[in-house]
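Since every read-out is calculated from the coordinates, none of them should be taken as a lab result. Since this is a predicted model, take the numbers as computed values, not measurements. Note that each Cβ is placed from the backbone with ideal geometry, even for glycine, and that neighbours are counted across all protein chains shown.
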Amino acid sequence: MIFFSILFALIAEQYRPVNAQHFVRRWSVAWLDWVAKEFSGKDGQGATPVGARLACLIAFILPTFLVFMVHVACMMTYPILAFFWNVLIVYWFFGFRQFSHSFTAVHQAIQNHDLPAARIALGEWYGPDLNVAHLNEIEIISLALEKAIIGSHRHVFGVFFWFLMPLGPGGVVLYRLADMAAERWAKTGAPNSHNLDAAARHFFYVLDWVPARLTAMSFALAGNFEDTIYAWRYLTHKWADELSAVILAAGSGALGVRLGEPLREPDSEEALRMAEAGEAPIYDVGLEPSERTLRSAIGLVWRVIIALMILLAMLTIAVWL
């Protein structure tokens, strides 16, 4: 049932993608905003640490419980309804098309050598936090790759992992709501809202610790294995967020490109100290990103998802036998 749920959801998404205007996305955002507003305090003082943790439990656990109970009720009455329920939940929260349109816009602009259009597309994707006015082509491609790698994990591979857990469709809802809250509550701008933001990020960190490393391992198997392992081991410090760093380092190694801030070359004294201590220098892996790298990134993601689907199909056949 799990294999066919994901397969049918992926097929449906190719024909009718779920975008930001879809009613499920709008309801999810409205729900998270309502919880944040209720627990931010009427006096504008912001949520307390205890209140922030309680807000996370209500925002994430309540919808998860409802979705899971519908699944259980369907399984106990008509299992075919549970199958359709799984397909529906996975279709709403899983898939490439929820982020790929922005990546495609940047890719097409780069293909057409239209740098202003690429800046506009990237700015719309990242939002007002990123100043794209003076970005060159390599920087645009690098930032688009980083956003796409993280998007592929949080919309596909992380959801895939939690759908395989005992919660089933409830795990999908739990993971996606936690991801949305960790990103959205950080941008509320409410006074003293750091407790709410920190609680959501911690909750998502716990949920995503294992999936992030499984995604990194998948990139290693589907791409350049040696460069992926090296980047995962030595280059994660180039990004501030620990979870994103693991995925981005592995993705850059798998694609054979340099992402993130360039490493600082050691000065003569530091190089001498490292030589005397027997420490190996840390170096960047891969080449500068290019338009070809954007196409390679699409191929990498599809290779991973196809490999996972084949593995899941084999497990499904083994269970049947």
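A few points about this structure:
- Under the simplified labelling scheme, the Leu164-Phe225 pair shows an inter-label distance of 1.9 nm, with each label point 7 Å from Cα along Cα→Cβ.
- Between 0 and 90 degrees, the angle of helix 225-234 with respect to the longest Cα principal axis of the chain falls at about 80 degrees.
- Spatial separation of Cα centroids for the stretch 124-198 and the stretch 1-36, in angstrom: 15 Å
- Available extension along the chain between Asp33 and Tyr205 is 59.9 nm, counting 0.36 nm per residue and deducting the alpha carbon span.
- Each of Phe83, Phe93 has some number of other Cβ atoms within 10 Å of its Cβ, and from fewest to most they run Phe83, Phe93.
- Modelled spin labels at Arg97 and Leu54, positioned 7 Å past Cα toward Cβ, are 4.2 nm from each other.
- Rounded FRET efficiency, nearest 0.05, which uses the C-beta distance separating Arg26 from Val70 and R0 of 25 Å: 0.75
- Positive minus negative residues near Leu174 (Lys, Arg vs Asp, Glu; Cβ under 14 Å): 0
- Ranking of Arg303, Arg233 by count of other Cβ atoms within 10 Å, fewest first: Arg233, Arg303
- Listed peptides 72-82, 290-300 by packing density, highest first (mean Cβ within 10 Å): 290-300, 72-82
- Rounded to 10°, Cα long-axis angle of helix 100-111 versus longest principal axis of the chain: 30 degrees
- Here r is the Cβ-Cβ distance between Ile282 and Thr77 and R0 is 45 Å; the resulting FRET efficiency, rounded to 0.05, is 0.20.
- 0 to 90° range, to nearest 10: angle between helix 79-93 axis and the chain longest Cα axis: 40 degrees
- Cβ-defined net charge surrounding Val132, 11 Å radius [Lys, Arg +1; Asp, Glu -1]: -2
- Estimated FRET transfer efficiency when R0 is 22 angstrom, pair Ala133-Thr104 (beta carbons, to 0.05): 0.45
- Positive minus negative residues near Ala109 (Lys, Arg vs Asp, Glu; Cβ under 15 Å): -2
- Computed [θ] at 222 nm, deg cm²/dmol, the chain (DSSP H ≥ 4; -39,500 (n - 2.57); rounded to nearest 500): -23000 deg cm²/dmol
- Highest mean packing first, where packing is the average number of other Cβ atoms within 10 Å per residue, the peptides 244-250, 105-111, 214-220, 65-71 line up as 244-250, 214-220, 105-111, 65-71.
- Summarising the amide proton neighbourhood of Val257: residues at separation of 5 or more, or on other chains, whose placed amide H is nearer than 5 Å comprise Leu287.
- Within the stretch 199-217, backbone nitrogen closer than 18 Å to the virtual label 7 Å beyond the Cα of Ile61 toward Cβ: 199-208
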